[in-house]
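J.: Just passing along the structure, written as structure tokens.
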Amino acid sequence: MAEPELAVIDVKPGAALESQSGLQLLRPRIYGAWMKPAGPRRAAAIVMHPTSNFMGHYLIARLAARGVACMGLNSRYAGNDTLLLMERVIQDLGAGVQYLRARGYDKVVLVGNSGGAALAAFYQAQAEHLDIEQLPDGDPAGLSPQDLPAVQGLALCAAHEGRSTLMRNWIDPSVTDERDGLSCDPELDMYDVRHGPPYSHAFLERFRNAQQARYERIDQWVGQRLQRLRSQTAPGSARDEVFVVHRTHADPRFLDLAIDANERAVGSVWGAGATGARAVNYAASQMGRITSLTAWLSQWSPRSRADGPANLARTSVPALLCTYTADQSTFPSTRAAWLAAGGARLRNVDIAGGNHYLAGQPALVQQVADTMAEWILAL
């Protein structure tokens with residue numbers, strides 16, 4: 001099979017100064033890599049994540065080999081979600097759908113892998129019922145129906161519920177000073193072996209309550225800070241700024257396999273075992289570590305509109321869910337949330353033993369590709 005083709009797609013300008021590149025500001029573009037099968041143009045799929053580079057995704061060649069053209073598409077925020085606005089990402093995804101439609105693919109499906117699952121559901125919900133007029137910070141969203149052509153189905157795998165749910169469930173409640181990444185209340189430190197694993201019900205209740213409280217404090221501060229910035233009237237006053245969210249990798253499910261039990265190993269998708277997971281928690285580059293105020297509201301906040309199951313419930317198209325049963329970051333409760341939202345339209349297929357990235361599992365990659373291609377071509 002031939003090498004993937006490069007797709008260069010013009011997109012609409014978005015938030016002011018969202019890129020340090022003058023050329024990208026003047027003429028914003030996104031990039032994809034896609035492969036098409038030999039024979040008639042029956043169906044196409046786009047696999048996209050809000051920020052990860054999916055141009056080398058494991059499904060591109062494998063879906064193409066099974067009769068489904070597949071594009072791994074990057075958003076304008078590839079590799080850096082500091083300023084990411086989910087409302088701009090769905091605009092980018094819509095440009096990808098238009099690109100494939102212009103090349104003769106009337107049937108287009110969104111493949112939502114990992115954090116791309118909530119993105120796919122958000123896109124289709126707005127494509128069917130566009131109701132966003134403003135960004136969460138109050139600025140005009142600038143979305144139009146022409147930006148978001150509806151697709152024919154959603155195929156989800158290793159599907160997170162959304163970035164706001166991850167932040168709520170993973171943020172470390174033991175941080176005592178938001179300015180100091182080393183500050184710690186030992187009574188709330190899940191990595192302190194005195195607490196477990198296994199963790200007691202009392203510790204988990206205390207941990208989750210404190211976790212929610214920290215999450216809400218940050219969100220309240222963001223709203224207040226943004227209001228203060230925008231109350232300035234001097235010419236050239238700032239309308240946004242970045243801040244640091246320390247330690248965002250603390251979910252007791254990483255270490256206590258009895259909580260939301262599946263076939264996973266101890267640790268997380270980024271750190272093996274308790275030591276690895278703790279190291280990731282303190283790392284400089286972890287999830288949501290540096291974010292602007294507006295990006296927090298759009299992707300990490302409870303005010304984000306990009307919750308996956310909530311948006312899936314607003315759609316009408318068929319959906320497929322491939323659940324990886326040894327996933328360290330999606331769990332049985334995650335699957336239950338998607339199933340409840342999708343109802344009879346959603347078909348779940350368990351991929352037994354699959355880890356989050358299907359790393360070192362080529363036979364399972366083939367199984368997912370078989371399952372997905374058969375489902376897409378039957379739509």
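The values are calculated or read from the model by the stated rules, or taken from the named source; none is laboratory data. Treat the numbers as computed from the prediction; the structure is a model and nothing was measured. Ideal geometry is used to build each Cβ from the backbone, glycine not excepted, and the neighbour counts take in all protein chains shown. In case anyone asks, the SASA skips ligands and DNA or RNA and just uses the protein heavy atoms, side chains included. Shrake-Rupley method; radii C 1.70, N 1.55, O 1.52, S 1.80 Å.
J.: Of everything in region 35-88, what is open to solvent by less than 10 Å² (accessible area, probe 1.4 Å) and part of a strand (DSSP E or B)? Give them in sequence order.
T.: ALA44, ALA45, ILE46, VAL47, MET48, ALA69, CYS70, MET71, GLY72, LEU73
J.: May I ask you to verify whether LEU130 is touching a strand residue (DSSP E or B) at 6+ places or on another chain (Cβ under 7 Å), farther than 21 Å from ILE290 by Cα and either in a loop (DSSP other than H, G, I, E, B) or at pLDDT 95 or above (or both)? Give the steps one after another, and end with the answer.
T.: Details: touching a strand residue (DSSP E or B) at 6+ places or on another chain (Cβ under 7 Å): no; farther than 21 Å from ILE290 by Cα: yes; either in a loop (DSSP other than H, G, I, E, B) or at pLDDT 95 or above (or both): yes.
The answer is no for LEU130.
J.: What tally of residues in region 268-302 results from selecting those that are on the phi > 0 side of the Ramachandran plot and under 18 Å from the mean Cα position of the chain (by Cα)? Full working, then the answer.
T.: First, pick out the residues of region 268-302 that are on the phi > 0 side of the Ramachandran plot: 273, 288.
Now restrict to residues that are under 18 Å from the mean Cα position of the chain (by Cα): 288.
Final tally of qualifying residues: 1.
J.: Now, a different point. With respect to ARG264, is the statement that it is in contact (Cβ under 8 Å) with a residue 60 or more places away in the chain, assigned to a loop (DSSP other than H, G, I, E, B), open to solvent by 80 Å² or more (accessible area, probe 1.4 Å) and not aromatic (Phe, Trp, Tyr) true? Show your work before the answer.
T.: Details: in contact (Cβ under 8 Å) with a residue 60 or more places away in the chain: yes; assigned to a loop (DSSP other than H, G, I, E, B): yes; open to solvent by 80 Å² or more (accessible area, probe 1.4 Å): no; not aromatic (Phe, Trp, Tyr): yes.
No; evaluated as a whole, the condition is false for this residue.
J.: Hey, among ALA274, ALA295, ALA284, which residue is part of a helix (DSSP H, G or I), open to solvent by 10 Å² or more (accessible area, probe 1.4 Å) and either in contact with a helix residue (DSSP H, G or I) (Cβ under 8 Å, 6 or more places away or on another chain) or hydrophobic (A, V, I, L, M, F, W, C) (or both)?
T.: On the way: ALA295 fails: open to solvent by 10 Å² or more (accessible area, probe 1.4 Å); ALA284 fails: part of a helix (DSSP H, G or I).
Checking each option against the conditions leaves just ALA274.
J.: Also, I was wondering about something else. Starting from region 166-195, take each residue that is closer than 19 Å to SER285 by Cβ and list its partners that are aliphatic (A, V, I, L, M) and at pLDDT 95 or above, counting only C-beta distances under 6 angstrom and pairs at least six apart or across chains.
T.: From region 166-195, the pairs are ASP172/ALA250.
J.: Just one of (1) more than 19 Å from the chain's Cα centre (by Cα); (2) assigned to a helix (DSSP H, G or I); (3) within 30 Å of GLN152 (Cβ to Cβ) trips up VAL349, so point out which.
T.: Result: VAL349 passes all but (2).
J.: Which residues, counting only those in region 323-356, are charged (D, E, K, R) and open to solvent by less than 10 Å² (accessible area, probe 1.4 Å)? It would help to see each step written out before you state the result.
T.: Our first condition is that a residue be charged (D, E, K, R); within region 323-356, this holds for 327, 335, 345, 347, 350.
If the condition is that a residue be charged (D, E, K, R) and open to solvent by less than 10 Å² (accessible area, probe 1.4 Å), then ASP327 is the only one that fits.
J.: For region 146-197, enumerate the residues that are under 19 Å from VAL89 (Cβ atoms), part of a helix (DSSP H, G or I), touching a helix residue (DSSP H, G or I) at 6+ places or on another chain (Cβ under 8 Å) and open to solvent by 30 Å² or more (accessible area, probe 1.4 Å).
T.: The one that is under 19 Å from VAL89 (Cβ atoms), part of a helix (DSSP H, G or I), touching a helix residue (DSSP H, G or I) at 6+ places or on another chain (Cβ under 8 Å) and open to solvent by 30 Å² or more (accessible area, probe 1.4 Å): ARG163.
J.: So ALA117 clears everything in (1) within 21 Å of ASP307 (Cβ to Cβ); (2) surrounded by fewer than 24 Cβ atoms within 10 Å (Cβ to Cβ); (3) not acidic (Asp, Glu) except one condition, right? Which one?
T.: (2)
J.: Does PRO28 satisfy the criteria of being surrounded by 19 or more Cβ atoms within 10 Å (Cβ to Cβ), at pLDDT 70 or above and closer than 30 Å to ASP106 by Cα? Show your work before the answer.
T.: Working: surrounded by 19 or more Cβ atoms within 10 Å (Cβ to Cβ): yes; at pLDDT 70 or above: yes; closer than 30 Å to ASP106 by Cα: yes.
In short, yes.
J.: Could you list all residues from region 279-295 that are touching a Leu at 6+ places or on another chain (Cβ under 9 Å) and not polar (S, T, N, Q)? Let's see the steps before the verdict.
T.: Our first condition is that a residue be touching a Leu at 6+ places or on another chain (Cβ under 9 Å); within region 279-295, this holds for 282, 287-288, 291-295.
Correct list: TYR282, MET287, GLY288, LEU293, ALA295.
J.: Mind checking which pairs have a first residue in region 96-122 that is in contact (Cβ under 8 Å) with a residue 40 or more places away in the chain and a second that is buried (at least 22 other Cβ atoms within 10 Å of the Cβ) and among the hydroxyl-bearing types (Ser, Thr, Tyr), Cβ under 7 Å, 6 or more apart or different chains?
T.: As it stands, the answer is LEU110/TYR123; ALA121/THR315, since those pairs meet every condition given.
J.: I need a count of the residues in region 340-379 that are of a type in the set (A, V, I, L, M, F, W, C) and in contact with a strand residue (DSSP E or B) (Cβ under 6 Å, 6 or more places away or on another chain).
T.: Result for region 340-379: 9.
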